[in-house]
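S.K.: Before anything else, here's the structure in question.
Each reported figure results from applying straightforward, stated rules to the coordinates on display, with no laboratory input. Keep in mind that this is a model prediction, so the values were computed, not measured. No Cβ is skipped: glycine too gets one built from the backbone with ideal geometry, and neighbour counts run over all protein chains shown.
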Amino acid sequence: MERIPILRMGSYLLVTIQVDMHDRLALTLQDDLTNRICELNAKGVLIDISSLEIVDSFIGRTLANIASMAKVLDAETVVVGMQPAVAITLVELGMSLPGIRTALNVESGMEYLRETVANHGASDDGDGTED
Amino acid sequence: MSKLLGAIQENRELVLEDWLRRLKAAVRRQDLVNDRELEFQIAELLSAITDVPAGTTFEDLTGAGWEPLKQLLAALSISRANLGFTPSETALFVLSLKPSLFTLARKNWGKDAAELFAEISVADDFVDKLALHTTDSYIHGRDQVIARQQEEMLELSTPVVTLWDGIVALPLIGTLDSARTQVVMESLLQAIVQTNSRIAIIDITGVPTVDTLVAQHLLKTITAARLMGAECILSGIRPQIAQTIVHLGINLEDVITKSKLSDAFRMALERSGRKVVRVEKSNGTGVAPTRSV
């Protein structure tokens, strides 16, 4: 069965969607990704959708769901490289995806993840890191 | 069947002269069309009337024989629309043929009242229909001019300018409607991708009024930009517009708003980790103030 690969980069997971998403594929991705986050104790998820050209309300909702699920599992999600046409479609569908962080490309997405995860780490460790 | 067409064909020169004389006496636009051109146009029209194939009648304007005449009139009125003639001037151009035909009818059948009346009513009907056709074509021509201008304005009115590396601005001028918003949104998003900009400033100084619809369009554009990973700053909000927005209950709380474009630019620079400082003059006496943004 067709699957979207989930790559591990340190404590982050990298998902690159390079095929047309259909409903079953989106659900499989949701399953796989939540499993992997738990398994690897990932701190951040980066989903690259720069090759995704067609999007419908279900895919949009699934993306939002994945982000919320990752949040519950204590991982930041950032969606990068959305095409203008996809963005317009989502807005016209009334899906502004308020819970999702977005970035222009993988580079700035990774930068954002590093920053936020580093900040989290710092606050978790408390005052011990200062000295 | 009317005998008038035959009479015109016989007295072509006479009708031409009479028509031209009446047309010159009626409203003239010397500034838009000169005498020679007018004579040429009249002659061409009259030829289209007289040179119809046999069997074509005045009563039936839908006949194939009148097609060249109609096309000629349509072309003429469209060109007149472009030149700036008024609709009545264009219609009068055709209507002035009527008295000439009446004169001809009176000359030929002046003795017989019944026949004269029949011929006149046929001529009247014919010329009226031609005038209507001319007016229709005129309006069609004007519509085309308006549509073309609208299109040009749409293209001209949505420039996306790069203010700095990674900062684009979209100065909006004029009313925002659905069609324009679509163009605005597309060009902004395209520019964000092309220039790899993280910050987009939408300046609405030139937008005369903001109602709920315009605000919705703006919010859509801002949301779409956010989905792509760019941040939008809305600037150029005038006091009246701020009042309207609050009175209408439009929620702009999730949007960064600034009153001036310069404020928005300052913030954009700040967000991208930049700072503007004034260069100290080398021969200056006083301490030049270093302004950080």
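S.K.: Restricting to bridges with both residues inside the stretch A:6-119, how much of the DSSP beta-bridge set is antiparallel, in percent to the nearest 5?
M.R.: Rounded to the nearest five, the antiparallel share is 25 percent.
S.K.: Using 0.36 nm per residue, how much length does the chain from B:THR209 to B:LYS24 gain when fully extended, once their Cα-Cα distance is taken away?
M.R.: Here the answer is 61.8 nm.
S.K.: Just from its helices, what would the mean residue ellipticity at 222 nm be for chain B, if runs of 4 or more DSSP H residues each count -39500 (n - 2.57) and the sum is divided by every residue, rounded to the nearest 500 deg cm²/dmol?
M.R.: -20000 deg cm²/dmol
S.K.: Starting from the Cα of B:LYS258, draw a straight line to each of the lysines and keep only those under 30 Å, dropping any in the same chain fewer than 8 residues away.
M.R.: Filter leaves B:LYS220, B:LYS275.
S.K.: Continuing with this model, one more query. Collect residues whose amide H, placed 1.01 Å from N in the peptide plane, falls under 5 Å from the amide H of A:GLU76; neighbours closer than 5 in sequence don't count.
M.R.: A:GLY44, A:VAL45
S.K.: With unit charges on the beta carbons (Lys and Arg positive, Asp and Glu negative) and the dipole taken about the Cα centre of the stretch A:6-119, which residue among A:LEU13, A:ALA103, A:SER57 sits farthest to the positive side?
M.R.: The residue sitting farthest along the positive end of the dipole is A:LEU13.
S.K.: Where a Cα-Cα gap under 17 Å defines reach, which lysines qualify for A:LYS71, not counting those fewer than 8 residues away within the same chain?
M.R.: Filter leaves A:LYS43.
S.K.: On each of the three principal axes of the Cα atoms of chain B, give max minus min coordinate, whole Å, ordered largest first.
M.R.: Here the Cα extents, ordered largest to smallest, are 105, 48, 36 Å.
S.K.: I need the per residue convex hull volume for the stretch B:214-283, using only the alpha carbons, in cubic angstrom as a whole number.
M.R.: Dividing the Cα hull volume of the stretch B:214-283 by its residue count gives 104 Å³.
S.K.: Work out the charge dipole of chain B with +1 on the Cβ of Lys and Arg and -1 on the Cβ of Asp and Glu about the Cα centre, then indicate which of B:GLN150, B:ALA81, B:ALA230 is farthest towards its positive end.
M.R.: Checking the options against the dipole of chain B, the answer is B:ALA230.
S.K.: Which net charge results for the neighbourhood of B:ILE222, defined as the other residues with beta-carbon distances under 10 angstrom from its beta-carbon, given Lys and Arg at +1 and Asp and Glu at -1?
M.R.: Result for the local shell: 0.
S.K.: For an R0 of 25 angstrom, estimate the FRET efficiency from the Cβ-Cβ distance between B:ASP263 and A:ALA85 and round to the nearest 0.05.
M.R.: Efficiency, rounded to the nearest 0.05: 0.20.
S.K.: Name the residues whose placed amide hydrogens come within less than 5 Å of the amide hydrogen of B:ILE199, ignoring near sequence neighbours (fewer than 5 apart) on the same chain.
M.R.: Close amide H contacts, sequence-distant or interchain: B:VAL168, B:GLU231.
S.K.: Same structure again: Dipole of the protein assembly as shown, Cα-centred, from +1 at each Lys and Arg C-beta and -1 at each Asp and Glu C-beta, to the nearest 20 debye?
M.R.: 1200
S.K.: Along the charge dipole of chain B, pointing to its positive end and built from +1/-1 on Cβ of Lys, Arg, Asp and Glu, which listed residue (B:ALA43, B:ALA200, B:GLY55) has its Cα farthest out?
M.R.: Looking along the dipole axis, the top candidate is B:ALA200.
S.K.: Charges at C-beta only: +1 for Lys and Arg, -1 for Asp and Glu. How large is the resulting dipole of chain B about its Cα centre, in Debye rounded to 20?
M.R.: Charge dipole, chain B, about its Cα centre: 1680 debye, nearest 20.
S.K.: Cα-Cα over 20 Å: which of B:LYS70/B:LYS129; B:LYS3/B:LYS111; B:LYS3/B:LYS107; B:LYS70/B:LYS107; B:LYS98/B:LYS129?
M.R.: Too far apart for the 20 Å limit: B:LYS70/B:LYS107.
S.K.: Can I ask one more? Between B:ASP165 and B:LEU72, what is the FRET efficiency for a Förster distance of 60 Å, r being their Cβ-Cβ separation, to the nearest 0.05?
M.R.: 0.50
S.K.: Still on this structure, I have one more. Compute the separation of the alpha-carbon centres of the stretch B:190-262 and the stretch A:61-98 and state it in Å as a whole number.
M.R.: 21
S.K.: Next up: If you take every DSSP beta bridge fully contained in chain B, what fraction is antiparallel? Give it as a percent rounded to 5.
M.R.: Restricted to chain B, the bridges split so that about 20 percent are antiparallel.
S.K.: Okay, next question. Within a 10 angstrom radius of each residue's Cβ in B:226-234, how many Cβ atoms of other chains show up on average? Whole number is fine.
M.R.: Mean inter-chain Cβ contacts per residue within 10 Å come to 6.
S.K.: Something else now. Considering only DSSP beta bridges whose two residues both sit in the protein assembly as shown, what percent are antiparallel, to the nearest 5?
M.R.: Just about 20 percent of them are antiparallel.
S.K.: Across peptide A:95-102, how many C-beta atoms of other chains are within 10 Å of each residue C-beta, on average?
M.R.: That works out to 3 on average.
S.K.: Name the helices (complete DSSP H segments) of chain B with a Cα length along the long axis of 30 Å or more and a Kyte-Doolittle mean of at least -0.5, or state none.
M.R.: Helix filter hits for chain B: B:113-156.
S.K.: Ok, one more. Per residue of B:187-194, how many C-beta atoms from partner chains lie within 10 Å of its own C-beta, taken as a mean?
M.R.: Counting other chains' Cβ atoms within 10 Å and averaging over B:187-194 gives 3.
S.K.: If you don't mind, there's one more thing I want to ask. Can you compute the charge dipole magnitude of the stretch A:6-119 about its Cα centre, using +1 on each Lys and Arg Cβ and -1 on each Asp and Glu Cβ, nothing else charged? Give it in debye, rounded to the nearest 20.
M.R.: 260
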